[in-house]
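**Q** Before anything else, here's the structure in question.
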């Protein structure tokens, strides 16, 4: 997708001055008349700034990367990785947040981006991931030749590719680790159940706890995907005798730790906590989080590659790509207390 | 800047089918022939999706919001506030990060955005804020009728408006607060000195410490604006006998706290720490940060208002707007220890 930029020589020819004059004007040096200066700048307005050819051409339309919000650091981190991976393919990704757009309907916001020239959309944890939304209208985007890649979540029955982490596998590896540390009362604190990643995580949690013979519905708490959500869920789960809590995001894990500390529990001595994401938050807090790491690099690379294929009019060989997460062990987990 | 969207009725008229058919196609309902369906979708491709008029029109060019990186949560938070404030003016802001664009030269990245149709640029902590960069080329943007607002930092001698926080005032209020708590060995840990906000903060620090008769060059540590930078600076300042450390960002403050804890010091009992930003990080960590709050809402509102003026071809009445920060007192500061 490389596009050549105009050369200094060519720009000089177009506006009828010497290459040296173009150079002087562009470097804001003296020795050119006002009229020459005006001609060069007019030329720049028409032909763009001369320079080397750049891989990342602005001549082609851009791809919009829509995240729900930018306050949870996991989203800007994911968006930045996708922006960078698109850049590797010569595609410009520009980031917007639905919440920052006055909380508009996703459809409205997508229309705005398309009118600004977006030819592709990377939708991160968008309406596609929420089971309560009507997904049929996404079909129109295909009909209108807009390339769409879903990140985290997918829509069944649509030809739109998706990329993400296997949330069920994340629950599995976290529970296995905690089980090895002697924990039996392992709670799950996560966000809304109408959100597909939550559904998957809950499935993984139930299956794994069932396999260990530890299933107990009272150890599951649904809240919202925020620090306060983690706080609320933790109070309930600790009340139910949980010695360890796995969560749906690092932000929620931070809320769980705060709730535990307020209740006079030490983390990890009295309560083990496992985050999800391994975003910037995981290492900023104290204790640093043991967390299920989403492979953002691989997700971003697969998203960009798939988008590139779509923009070239090619079918991606795989419709839904899911990557297994890894467990990053830090300081928020420990062996269960002997008296638990 | 409101632009009417085509109505269902008008779209139906344009493509020669009934409004009911348009409705059925758009809602993916049965009962329309393939040829009617194709005509409606062709119409949508040409005229856009019918619906209510939207305030935020995609018909006008967008404004690019460039931040250096998205991993420090202060930047996505600032960008989201600016995006939202622009939205209030009917302007679409799209966010990009120079680092995510392969760390390209700011000039190159700006060219890419302009070719994608950006008519304005909000540059947050960009090259304009770095004294070592040559700023003359920004002049070309004016010549090319690109509207530019600088956030945090400014360029003297250019007609480009800037908006930001008074960093000197931030240092002043933090030192005054710590002085009232009995601290006398107050260190400053901040980022690179060729960065204008650092210069301003250092000036405020020196003036205020001087006024208290506490000036001591060994209590100033320059590092990088990251958690590791805070860590490195803290080790040095603690070694110099600092009982309190003010910093250039919340991220650095988190690094200071980590260093203190590793050295066996308790925060705030043995060391008081003051952050800067009051971004999401300030409340996620433990202890929660006492921090100098940048008034992001006011900065974002002033930035958007100024951009709106520029896009309308009007002069903003004030070239450089600086807001005074406030001190948010949380758990990372306390009275100096009696034996200090």
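**Q** Please go through region B:206-226 and give me each residue that is within 25 Å of the chain's Cα centre (by Cα) and over 16 Å from residue B:246 (Cβ atoms), ordered by number. Give the steps one after another, and end with the answer.
**A** Initially, region B:206-226 is screened for residues within 25 Å of the chain's Cα centre (by Cα), giving B:221-226.
B:224, B:226 - these are the residues of region B:206-226 that are within 25 Å of the chain's Cα centre (by Cα) and over 16 Å from residue B:246 (Cβ atoms).
**Q** Does region A:317-330 contain at least one residue that is within 14 Å of chain B (Cβ to nearest Cβ) and in contact (Cβ under 8 Å) with a residue 40 or more places away in the chain?
**A** Taking region A:317-330 first, the residues within 14 Å of chain B (Cβ to nearest Cβ) are A:330.
From what's left, in contact (Cβ under 8 Å) with a residue 40 or more places away in the chain: A:330.
Scanning region A:317-330, I find at least one residue that is within 14 Å of chain B (Cβ to nearest Cβ) and in contact (Cβ under 8 Å) with a residue 40 or more places away in the chain, so the answer is yes.
**Q** Residue by residue through region A:65-74, note down the ones that are under 16 Å from residue A:281 (Cβ atoms) and surrounded by fewer than 24 Cβ atoms within 10 Å (Cβ to Cβ).
**A** Matches in region A:65-74: A:69, A:71.
**Q** Filter region B:238-251 down to residues that are outside any loop (DSSP other than H, G, I, E, B) and within 23 Å of residue A:288 (Cβ to Cβ), then give me how many there are. Don't jump to the end; show me each part of the working.
**A** Residues of region B:238-251 that are outside any loop (DSSP other than H, G, I, E, B), as a first pass: B:238-239, B:244-247, B:250-251.
Adding the requirement that they be within 23 Å of residue A:288 (Cβ to Cβ) leaves B:238, B:245, B:247, B:250-251.
So the count comes out to 5.
**Q** Let me ask something additional. Can you tell which of A:124, A:163, A:149 is crowded, with 24+ Cβ neighbours inside 10 Å, within 23 Å of residue B:92 (Cα to Cα), touching a residue at least 60 places away in the same chain (Cβ under 8 Å) and touching a strand residue (DSSP E or B) at 6+ places or on another chain (Cβ under 6 Å)?
**A** Working: A:124 fails: touching a residue at least 60 places away in the same chain (Cβ under 8 Å); A:163 fails: within 23 Å of residue B:92 (Cα to Cα).
Testing whether each residue is crowded, with 24+ Cβ neighbours inside 10 Å, within 23 Å of residue B:92 (Cα to Cα), touching a residue at least 60 places away in the same chain (Cβ under 8 Å) and touching a strand residue (DSSP E or B) at 6+ places or on another chain (Cβ under 6 Å) leaves just A:149.
**Q** Also, quick follow-up: Within region B:267-284, work out how many residues are part of a loop (DSSP other than H, G, I, E, B) and farther than 11 Å from residue B:337 by Cα.
**A** Just the residues of region B:267-284 that are part of a loop (DSSP other than H, G, I, E, B), to begin with: B:267-271, B:278-280.
Pick out the ones that are also farther than 11 Å from residue B:337 by Cα and you get B:267, B:278-280.
The total comes to 4.
**Q** Among the residues of region B:182-191, is any touching a helix residue (DSSP H, G or I) at 6+ places or on another chain (Cβ under 6 Å), assigned to a loop (DSSP other than H, G, I, E, B), within 18 Å of residue B:251 (Cβ to Cβ) and not assigned by TED's automatic domain parsing to the domain that holds residue B:77?
**A** Yes.
**Q** Go through region A:135-158 and report how many residues are outside any strand (DSSP E or B), in contact with a helix residue (DSSP H, G or I) (Cβ under 7 Å, 6 or more places away or on another chain) and more than 14 Å from chain B (Cβ to nearest Cβ).
**A** Of the residues in region A:135-158, 3 are outside any strand (DSSP E or B), in contact with a helix residue (DSSP H, G or I) (Cβ under 7 Å, 6 or more places away or on another chain) and more than 14 Å from chain B (Cβ to nearest Cβ).
**Q** Only one of (1) surrounded by fewer than 24 Cβ atoms within 10 Å (Cβ to Cβ); (2) within 12 Å of chain B (Cβ to nearest Cβ); (3) closer than 22 Å to residue A:278 by Cβ fails for residue A:252. Which number is that?
**A** The one condition residue A:252 does not meet is (1).
**Q** Follow-up question, since we're still on this one. Have a look at A:339, A:308 and point out the one that is within 22 Å of the chain's Cα centre (by Cα) and either in a helix (DSSP H, G or I) or farther than 18 Å from residue A:78 by Cβ (or both).
**A** Every option except A:308 fails the conditions.
**Q** Out of all the residues in region A:205-227, which are surrounded by fewer than 20 Cβ atoms within 10 Å (Cβ to Cβ), more than 14 Å from chain B (Cβ to nearest Cβ), in a loop (DSSP other than H, G, I, E, B) and in contact (Cβ under 8 Å) with a residue 24 or more places away in the chain? If you could, list the steps in order and put the result at the bottom.
**A** The first filter runs over region A:205-227 and keeps only residues surrounded by fewer than 20 Cβ atoms within 10 Å (Cβ to Cβ), leaving A:206-207, A:210-218, A:222, A:224, A:226.
Filter again for more than 14 Å from chain B (Cβ to nearest Cβ), leaving A:206-207, A:210-218, A:222, A:224.
Restricting the remaining residues to those that are in a loop (DSSP other than H, G, I, E, B) gives A:212-216, A:224.
Matches in region A:205-227: A:212, A:214, A:216, A:224.
Listed here are the residues, each with its yes/no results for (1) at pLDDT 90 or above; (2) more than 22 Å from the chain's Cα centre (by Cα); (3) within 11 Å of chain A (Cβ to nearest Cβ); (4) in a strand (DSSP E or B).
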| site | (1), (2), (3), (4) |
| --- | --- |
| B:77 | yes, no, yes, no |
| B:84 | yes, no, yes, no |
| B:123 | yes, no, no, yes |
| B:133 | no, no, no, no |
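**Q** Also: Exactly one condition in (1) in a helix (DSSP H, G or I); (2) in the same structural domain as residue B:318 (by TED's automatic domain parsing) is false for residue B:173; which is it?
**A** In the conditions (1) in a helix (DSSP H, G or I); (2) in the same structural domain as residue B:318 (by TED's automatic domain parsing), residue B:173 misses (2) alone.
**Q** Something else: When you scan region A:179-191, do you find a residue that is on the phi < 0 side of the Ramachandran plot and within 19 Å of the chain's Cα centre (by Cα), even just one?
**A** At the first step, the residues of region A:179-191 found to be on the phi < 0 side of the Ramachandran plot are A:179-181, A:183-191.
Narrowing the set further to residues that are within 19 Å of the chain's Cα centre (by Cα) leaves A:190-191.
So far as region A:179-191 goes, yes, one or more of its residues are on the phi < 0 side of the Ramachandran plot and within 19 Å of the chain's Cα centre (by Cα).
**Q** Still on this structure, please answer the following. Filter region A:88-112 for residues that are facing chain B (nearest Cβ under 8 Å), touching a helix residue (DSSP H, G or I) at 6+ places or on another chain (Cβ under 9 Å) and buried (at least 19 other Cβ atoms within 10 Å of the Cβ) and give the result.
**A** A:92, A:93, A:94, A:95, A:96, A:97, A:100, A:101
**Q** Across region A:58-68, which residue is nearest to residue A:254 (Cα to Cα) among those that are modelled with pLDDT under 95 and more than 7 Å from chain B (Cβ to nearest Cβ)? Break it down into steps so the answer makes sense when it comes.
**A** Going through region A:58-68, the residues modelled with pLDDT under 95 turn out to be A:58-62, A:68.
Adding the requirement that they be more than 7 Å from chain B (Cβ to nearest Cβ) leaves A:60-61, A:68.
Values: A:60: 42, A:61: 40, A:68: 20 Å.
The qualifying residue nearest to residue A:254 (Cα to Cα) is A:68.
Conditions (1) assigned by TED's automatic domain parsing to the domain that holds residue B:250; (2) under 24 Å from residue B:250 (Cβ atoms); (3) surrounded by fewer than 21 Cβ atoms within 10 Å (Cβ to Cβ), marked per residue:
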{"site": "B:290", "(1), (2), (3)": "yes, yes, no"}
{"site": "B:308", "(1), (2), (3)": "no, no, no"}
{"site": "B:311", "(1), (2), (3)": "no, no, yes"}
{"site": "B:330", "(1), (2), (3)": "no, yes, yes"}
{"site": "B:333", "(1), (2), (3)": "no, yes, no"}
{"site": "B:337", "(1), (2), (3)": "no, no, yes"}
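**Q** Could you list all residues from region A:263-294 that are farther than 21 Å from residue A:222 by Cβ and away from chain B (no Cβ under 11 Å)?
**A** Those that are farther than 21 Å from residue A:222 by Cβ and away from chain B (no Cβ under 11 Å): A:264, A:265, A:266, A:268, A:269, A:270, A:278, A:290, A:293.
The values are calculated or read from the model by the stated rules, or taken from the named source; none is laboratory data. Quantities reported herein were computed from a predicted structural model and do not represent experimental measurements. As a convention, Cβ positions derive from the backbone with ideal geometry for all residues, glycine included, and neighbour counts pool all protein chains shown.
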